[in-house]
Every structure is written in structure tokens, then in C-alpha cells.
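**Student:** The following block contains the structure, expressed as C-alpha cells.
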Amino acid sequence: METEFIKAFKDVLREQLIAKNSVELEGLGTFEVKHYQQHQKRYSNGKVVMMPPADVLEFNSTVQVSDEN
């Protein structure tokens with residue numbers, strides 16, 4: 001069961017990402033939409049495929065991971 005806060009957060013996050021705005025969560029990271037142009041992809045077997053343009057959601061973490069045990 002989702003709380004009202006989680007539902008509202010998802011709605012705001014979705015609206016901002018659809019509008020191509022980045023969303024930063026302090027202490028966690030940033031969500032942003034990256035646009036990739038149409039391009040050719042060449043496979044190792046020599047086959048070439050035309051990849052369509054795409055919007056991709058990326059998350060960049062600002063959390064520092066310590067190697068100390």
C-alpha cells in the first residue's frame with residue numbers, strides 16, 4: 001500500500017521528467033532525461049542497424065561509498 005506522499009512524489013517526478021527538467025534529491029542524486037539522436041549501430045558480425053531517436057532516464061548518484069570495513 002502506497003502512502004499519499006509516495007503517490008504525490010511519483011506524480012511530481014513524472015511531470016518534471018516529461019517536461020525534460022532534471023530532479024535533484026539532496027543527499028541521493030539527480031534524475032534527468034537524456035536525448036539520443038538517431039544513429040547507426042554496427043554489430044561485430046557486420047550487420048548495421050539504424051537506431052531511432054530516444055529519450056532515456058538517467059540517475060546520477062551523489063552518495064559516497066566507503067571501502068572501509
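**Student:** Could you list, in sequence order, the residues of the range 17-39 that are modelled with pLDDT under 95 and loosely packed, with under 10 Cβ neighbours inside 10 Å?
**Tutor:** Within the range 17-39, A19, E26, G27, H35 qualify.
**Student:** Using beta carbons and a limit of 9 Å, which pairs, at least six apart or on different chains, have the first residue in the range 16-39 and part of a helix (DSSP H, G or I) and the second one of a type outside the set (D, E, K, R)?
**Tutor:** So the pair list comes out as Q16/S22; Q16/V23; Q16/F31; L17/V23; L17/F31; L17/V33; L17/L57; I18/V33.
**Student:** Which of the residues that make up the range 40-55 are in a strand (DSSP E or B) and more than 20 Å from the chain's Cα centre (by Cα)?
**Tutor:** Those that are in a strand (DSSP E or B) and more than 20 Å from the chain's Cα centre (by Cα): Q40, K41, R42, V48, V49, M50.
**Student:** I need every pair where a residue in the range 40-58 that is under 30 Å from T30 (Cβ atoms) has its Cβ under 8 Å from the Cβ of a residue that is outside any loop (DSSP other than H, G, I, E, B) and polar (S, T, N, Q), sequence separation at least 6 or different chains.
**Tutor:** M51/Q40
The values are calculated or read from the model by the stated rules, or taken from the named source; none is laboratory data. These numbers come from a predicted model, not from an experiment. Virtual Cβ from ideal backbone geometry, glycine too; neighbours counted across all protein chains shown.
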